[in-house]
Amino acid sequence: MRIEHRDVLLDLRAVLASVSGKNVFKYLIKTLDVAELPEVGLTGELLIERVGSLRAGNSIFKLLSEANVEVAAALLAKVEKEKQDVLYAEIQEG
């Protein structure tokens, strides 16, 4: 099991060395809402579904961080900056 995990990390490092690999994982970070919390007021099935989605994103980010902490951090930072840029632009328009 450890050897398989090590091999996956090595393969993931190789993927993250490419622009295409970074783009794929940036997309996953964005769409799976890595580093987000469930919205306030969610209950029942909606909360369970939302937490499940967030857990998937968290797992992917942990694996990315294990493979290459610098790239994982940079991708998450880019996604967060883009979110803030959108919010700032909306405020400026409103």
- Query: So is LEU28 of a type in the set (A, V, I, L, M, F, W, C) and in contact with a Phe, Trp or Tyr (Cβ under 8 Å, 6 or more places away or on another chain) or not?
  - Reply: no
Of the residues in the range 1-45, those that are in contact with a Gly (Cβ under 9 Å, 6 or more places away or on another chain) and under 19 Å from GLU82 (Cα atoms) come to LEU28, ILE29, THR31, LEU32, ASP33, VAL34, ALA35, GLU36
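Can you tell me which of GLU93, GLU70 is within 18 Å of ASP11 (Cβ to Cβ), exposed (fewer than 14 other Cβ atoms within 10 Å of the Cβ) and not polar (S, T, N, Q)?
Being within 18 Å of ASP11 (Cβ to Cβ), exposed (fewer than 14 other Cβ atoms within 10 Å of the Cβ) and not polar (S, T, N, Q) holds for just one of GLU93, GLU70, which is GLU70.
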Qualifying residue in the range 40-56 (condition: modelled with pLDDT under 95 and touching a helix residue (DSSP H, G or I) at 6+ places or on another chain (Cβ under 8 Å)):
yes
Exactly one of GLU4, GLU36 is of a type outside the set (A, V, I, L, M) and either at pLDDT 95 or above or surrounded by fewer than 13 Cβ atoms within 10 Å (Cβ to Cβ) (or both), and that residue is GLU4
Checked against (1) under 11 Å from the mean Cα position of the chain (by Cα); (2) surrounded by fewer than 17 Cβ atoms within 10 Å (Cβ to Cβ), LEU76 satisfies every condition except (2)
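The values are calculated or read from the model by the stated rules, or taken from the named source; none is laboratory data. These figures come from a predicted structure and were not determined experimentally. Ideal geometry is used to build each Cβ from the backbone, glycine not excepted, and the neighbour counts take in all protein chains shown.
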